[in-house]
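Contents: one structure, followed by commentary.
The values are calculated or read from the model by the stated rules, or taken from the named source; none is laboratory data. Just so we're clear, the structure is a prediction, and the values are computed from it rather than from any experiment. No Cβ is skipped: glycine too gets one built from the backbone with ideal geometry, and neighbour counts run over all protein chains shown. Accessible surface is based on the protein model in full, side chains and every heavy atom, while ligands, DNA and RNA are left aside. Shrake-Rupley method; radii C 1.70, N 1.55, O 1.52, S 1.80 Å.
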Amino acid sequence: MKKIIEENAVSNLAELAKLDIGSSDKKKLLRDLEAVLEYVAELQSLETDETSSQKNPPACGEVLSADNTLRPDEVKTEFISELSTKQFPEEHNGFLRVPPVFE
Amino acid sequence: MDISGLTIKSFHNALQRKEFSAREATDFYFKRISEDDSVRPFISTLEIQARERADAVDKMLADGDETGPLAGVPMAIKDNILIENTPVTAGSQILKNYFAGYNATVIEKLKKENCVFLGKTNLDEFAMGSSTENSSFHITKNPHDLKRVPGGSSGGSAAAVAGGFSLAALGSDTGGSIRQPASFCGVVGLKPTYGAVSRFGLIALASSLDQIGTLSKTVEDSAIVFDAIKGSDEHDATSDKNEYGATAFFDDDSAKKLTIGVPKEYFSGGMEKETEAEINNALHVFKKNGFTVKKISLPHTKHALSCYYIIMPAEASANLARFDGVRYERNQEAESLPEIYKKTRGSGFGNEPKRRILLGTFVLSSGYYDAFYAKAQKARQLIADDFKRAFAPADYGVDVIFTPTSPTRAFKIGEKTEDPVSMYLSDIFTVPVNLVGLPGLSIPVKKYVVGSGELPVGFQLIGKRFHEKDILNLGMWYEREVGE
């Protein structure tokens with residue numbers, strides 16, 4: 001059977017997901033990922049409508065028959081809790097301090 | 001008197017008759033929690049807050065104030081639901097020192113009902129798992145057999161209720177995380193309709209699937225708690241605006257009129273022998289009492305688990321992006337921004353979140369999106385259409401669908417931890433309900449007494465959207481028929 005993912009997939013995905021993974025864990029994670037992907041690959045045998053109307057997958061709300069609940073675009077500050085902001089790793093006058101993005 | 005033997009209803013009556021005070025009941029539970037550490041359902045307990053709340057209820061009762069059915073009721077809350085100014089971990093090291101900045105809407109609602117919160121219950125890390133073994137804190141055991149798991153991810157909540165450490169509990173259910181542990185622990189578990197209960201203040205796993213619900217000793221108790229927590233909420237855009245009536249009253253006539261559908265795909269092998277026998281016993285109770293029971297077909301059932309294990313990790317990988325060391329706890333060895341992200345997430349997340357983040361990243365990545373995520377979302381529509389046909393009057397026209405909750409009884413601790421796919425299979429009968437957003441209720445086939453050595457089995461009733469009343473009413477009928 002054709003391999004669904006390559007040997008170095010875990011390293012690439014970990015880079016995309018910003019996850020540090022030890023080299024010993026990588027082998028185990030690759031095995032786990034292969035097992036799950038082999039299981040879910042059965043979906044490829046399911047016939048789905050690939051015509052233009054079904055080119056994009058249906059939105060979750062459509063599947064769940066749930067409507068979007070919208071509210072007027074007004075700024076509300078009731079949930080800026082001091083307890084939350086105090087727990088930021090770096091905080092300044094109630095604001096979140098972010099490490100420099102550019103070197 | 002044995003307070004832990006009570007239900008919410010009998011607790012309320014005994015409290016009104018002054019057989020004990022709310023404070024005495026709260027003290028009783030904390031004594032029980034500290035003296036018996038065989039099950040370990042809690043990550044943290046809230047003694048000071050709980051006793052203050054109990055004292056306030058006693059004052060109301062002494063003053064002759066009107067109190068509702070949940071006043072003074074000791075409840076356990078899954079540790080992914082926020083209670084202001086108390087620790088909330090989601091079972092993860094990445095939040096081990098975190099305090100909730102506000103109350104979840106369900107907590108606000110239960111506070112108005114004067115509930116007492118005993119503590120926060122154990123769960124699989126970020127609610128990812130079916131055994132509570134993925135908690136980064138400790139393993140919770142099944143009160144019916146301490147060598148076995150309580151199920152998961154709401155295993156702490158189910159074990160707390162089953163073991164008499166709490167009168168009722170809240171859990172969350174993304175693919176069966178309330179119903180499967182309820183089945184394993186011999187208690188009742190309700191996953192409401194998507195949109196019926198606000199998720200504001202629930203730490204998100206997969207936002208198109210997550211729902212807060214109840215665990216309790218009886219169906220009636222679940223209905224009482226559900227009535228208190230349901231309703232629209234401006235802070236959760238997915239909560240439904242339609243208000244619907246109370247569910248916590250039994251109506252024999254309308255229960256008897258419900259048509260029950262039994263999908264053949266749920267009985268086509270793979271169920272453990274003892275579980276299947278118990279499930280058939282439960283079904284027989286409905287049949288012999290004259291209910292209309294119809295065979296139905298939900299032909300895409302076999303694709304539900306694959307569909308779920310693509311959509312759920314995709315959403316989880318996005319939701320867990322917020323734990324990046326910038327807003328929540330940071331790995332102190334990191335210096336540059338990329339290092340902060342990677343080291344914090346690498347050391348903070350356990351194996352299961354890492355697996356699901358990688359899976360989610362894979363199925364959403366360019367080149368694989370169409371084959372996996374888009375395909376799964378189309379499969380999801382087909383599964384939803386199956387259920388629509390089952391409920392449509394012009395088609396099968398059933399009101400309620402009867403299935404097993406899980407293919408097996410509680411398995412042994414450690415039995416499935418090395419094999420993720422076999423662990424995932426224990427949710428095979430519950431995930432379709434989340435994919436479609438319907439309400440599902442797990443009910444024990446009979447009363448399972450802790451210490452009897454018997455392992456519980458639960459069956460599942462699935463209702464139409466926002467028809468919790470149907471499954472709860474039918475559940476109450478069953479409970480009365482099978483008796484104590």
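Results, tabulated for the structure shown:
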| item | result |
| --- | --- |
| Local electrostatic count, B:ALA384, Cβ distance below 13 Å [Lys/Arg +1, Asp/Glu -1] | +3 |
| Net lengthening on full extension, B:GLU339/B:GLU52 (0.36 nm per residue, minus Cα-Cα) | 98.9 nm |
| In the A-B interface, the accessible area buried, summed over both sides, Å² (probe 1.4 Å) | 5500 Å² |
| Sparse-neighbour loop sites [trypsin sites (Lys or Arg not before Pro); segment B:231-325; at most 14 other C-beta within 10 Å; DSSP] | B:LYS241, B:LYS257 |
| Cα pair count fraction exceeding 13 Å, expressed as % - segment A:1-47 | 60 percent |
| C-alpha long axis of helix A:23-40 to longest principal axis of chain A, angle in ° | 60 degrees |
| Relative contact order %, segment B:354-484, counting alpha carbon pairs below 8 Å whose residues are six or more apart | 23 percent |
| Restraint check, B:LYS257/B:LYS388; B:LYS112/B:LYS378; B:LYS287/B:LYS464, Cα-Cα greater than 31 Å | B:LYS112/B:LYS378 |
| Calculated diffusion of chain B, Stokes-Einstein form, Kirkwood radius summed over Cα pairs, 37 °C and 0.692 mPa s, µm²/s | 147 µm²/s |
| Theoretical ellipticity at 222 nm over the protein assembly as shown - DSSP helices of four or more residues, -39500 (n - 2.57) apiece, nearest 500 | -11000 deg cm²/dmol |
| Inter-label distance, nm, simple model (7 Å from Cα along the C-beta direction), A:ARG97/B:SER207 | 3.0 nm |
| Size descriptor, Kirkwood hydrodynamic radius, that averages inverse alpha-carbon separations across the protein assembly as shown, Å | 24.3 Å |
| Chain A, relative contact order [Cα under 8 Å, separation at least 6], % | 14 percent |
| Per-selection metrics, segment B:62-207 (Cα): Rg and Dmax in Å | 14.7, 48 |
| Shielding of A:33-41 by partner chains, average beta-carbon count, 10 Å | 6 |
| Extension gain from B:GLU66 to B:MET1, taking 0.36 nm per residue of separation minus the Cα-Cα distance | 20.9 nm |
| Given charges at beta-carbon only (K, R positive; D, E negative), |dipole| of the protein assembly as shown in Debye | 940 debye |
| Viscosity 0.890 mPa s, temperature 25 °C, Stokes-Einstein D of segment B:187-311 from Kirkwood C-alpha radius, µm²/s | 140 µm²/s |
| Neighbourhood charge, 14 Å Cβ-Cβ cut-off, centred on B:ASN351 and excluding it, Lys, Arg +1 and Asp, Glu -1 | 0 |
| Segment B:417-450 versus segment B:1-64: alpha-carbon centroid distance in Å | 30 Å |
| Inter-probe distance in nm under a simple model that places probes 7 Å from Cα toward Cβ, at B:GLN332 and B:SER452 | 5.3 nm |
| Phi to ³J(HN,Hα) by Karplus 6.51 cos²θ - 1.76 cosθ + 1.60 over segment B:398-409, Hz, x for Gly, Pro | 8, 9, 9, 10, 9, 9, x, 8, 9, x, 9, 7 |
| Inter-label distance, nm, simple model (7 Å from Cα along the C-beta direction), B:GLU276/B:SER365 | 4.1 nm |
| Among beta bridges that DSSP assigns inside the protein assembly as shown, antiparallel share in %, nearest 5 | 70 percent |
| Centroid-to-centroid separation of segment A:62-103 and segment A:12-33 [C-alpha atoms, Å] | 30 Å |
| Antiparallel bridge percentage (DSSP; both residues within chain B; nearest 5) | 70 percent |
| Rounded D (µm²/s) - chain A, Kirkwood Rh over Cα pairs, Stokes-Einstein at 20 °C, 1.002 mPa s | 108 µm²/s |
| Given A:LYS76/B:LYS342; B:LYS111/B:LYS256; B:LYS273/B:LYS302; A:LYS26/B:LYS141; B:LYS78/B:LYS469; B:LYS59/B:LYS191, the pairs whose alpha carbons are separated by over 27 Å | A:LYS76/B:LYS342; B:LYS111/B:LYS256; A:LYS26/B:LYS141; B:LYS59/B:LYS191 |
| Portion, in percent, of the accessible area of the protein assembly as shown that falls on carbon or sulfur, probe 1.4 Å | 50 percent |
| Residue-normalised accessible area of the protein assembly as shown, given per residue in Å² at a 1.4 Å probe | 40 Å² |
